[in-house]
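The values are calculated or read from the model by the stated rules, or taken from the named source; none is laboratory data. Since the structure is predicted, the reported quantities are computational estimates derived from the model, not experimental observations. Please note: Cβ atoms are built from the backbone with ideal geometry, for glycine as well, and neighbour counts cover all protein chains shown.
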Amino acid sequence: MTAITMDALFEEAQKAASFAYAPYSRFRVGAALLGEDGTVYTGCNVENRSFGLTICAERSALVHGVGRGSRSFVALAVATPDSERPVGPCGACRQVLSEFMEPEAPVRFGGGGGEQVDTTIGILYPYDSLHDLSLGR
């Protein structure tokens with residue numbers, strides 16, 4: 001990982017959560033994704049009346065990075081300030097993140113109560129058979 005710490009990355013995720021558009025669930029989420037070059041890309045959840053069209057913060061941050069030319073990310077932080085407990089990325093986000101992150105990439109997620117979980121992409125998404133197939137493993 002580059003000079004940025006997981007603490008600093010989590011602070012960026014907390015800031016990003018303040019921009020969330022969550023009028024239906026009232027559940028704000030912010031994400032900060034660290035690019036291989038040290039750039040931090042942030043995103044927030046953006047809800048829609050048609051819930052299936054809602055965009056998660058993690059994928060929002062990832063699309064932000066890819067749209068700026070990044071293809072490899074080395075760390076992720078997710079903040080859910082409206083939850084007392086930490087809430088990890090959903091299954092769809094885990095799948096998409098695994099496309100651009102190595103299994104050992106660190107992940108931190110935390111809620112509004114101060115509790116945080118430190119883990120890795122590989123632990124969140126342990127049987128990434130689609131990734132393994134694409135690498136010819």
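Overview of values
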quantity	calculated
One residue from E11, E47 being of a type outside the set (A, V, I, L, M, F, W, C) and under 15 Å from the mean Cα position of the chain (by Cα)	E11
Unmet criterion (only one of (1) exposed (fewer than 15 other Cβ atoms within 10 Å of the Cβ); (2) in contact (Cβ under 8 Å) with a residue 12 or more places away in the chain; (3) of a type in the set (A, V, I, L, M, F, W, C)) for F109	(1)
Every pair of residues 6+ apart whose Cβ atoms lie under 8 Å, when the first sits in segment 22-41 and is more than 23 Å from I121 (Cα to Cα) while the second is among the hydrophobic types (A, V, I, L, M, F, W, C) and surrounded by fewer than 22 Cβ atoms within 10 Å (Cβ to Cβ)	Y24/F51
Index of the failed condition, H131 passing every other in (1) under 11 Å from the mean Cα position of the chain (by Cα); (2) at pLDDT below 95	(1)
Subset of segment 63-113 [among the acidic types (D, E) and within 19 Å of S129 (Cβ to Cβ)]	E99, E102, E104
Leading residue by the ranking (surrounded by the fewest Cβ atoms within 10 Å (Cβ to Cβ)) among those in segment 67-92 that are within 13 Å of L34 (Cβ to Cβ), in contact with a helix residue (DSSP H, G or I) (Cβ under 9 Å, 6 or more places away or on another chain) and among the aliphatic types (A, V, I, L, M)	A75
Top-ranked residue of segment 29-51 - restricted to ones that are of a type in the set (V, I, T) and in a loop (DSSP other than H, G, I, E, B), ranked as surrounded by the fewest Cβ atoms within 10 Å (Cβ to Cβ)	T39
Qualifying residue in segment 45-52 (condition: under 22 Å from F10 (Cβ atoms) and touching a helix residue (DSSP H, G or I) at 6+ places or on another chain (Cβ under 9 Å))	yes
Residues satisfying the stated conditions in segment 1-21, i.e. farther than 16 Å from T80 by Cα, touching a residue at least 40 places away in the same chain (Cβ under 8 Å) and of a type in the set (S, T, N, Q)	T2
Selection count, segment 112-134, where residues are part of a loop (DSSP other than H, G, I, E, B) and surrounded by fewer than 16 Cβ atoms within 10 Å (Cβ to Cβ)	5
Segment 52-88: number of residues that are touching a residue at least 40 places away in the same chain (Cβ under 8 Å), within 15 Å of the chain's Cα centre (by Cα) and part of a loop (DSSP other than H, G, I, E, B)	2
Residue check, A57 in contact with a Cys (Cβ under 7 Å, 6 or more places away or on another chain), more than 25 Å from D128 (Cα to Cα) and buried (at least 18 other Cβ atoms within 10 Å of the Cβ)	no
From T5, T42, residue being in contact with a His (Cβ under 9 Å, 6 or more places away or on another chain) and of a type in the set (S, T, N, Q)	T42
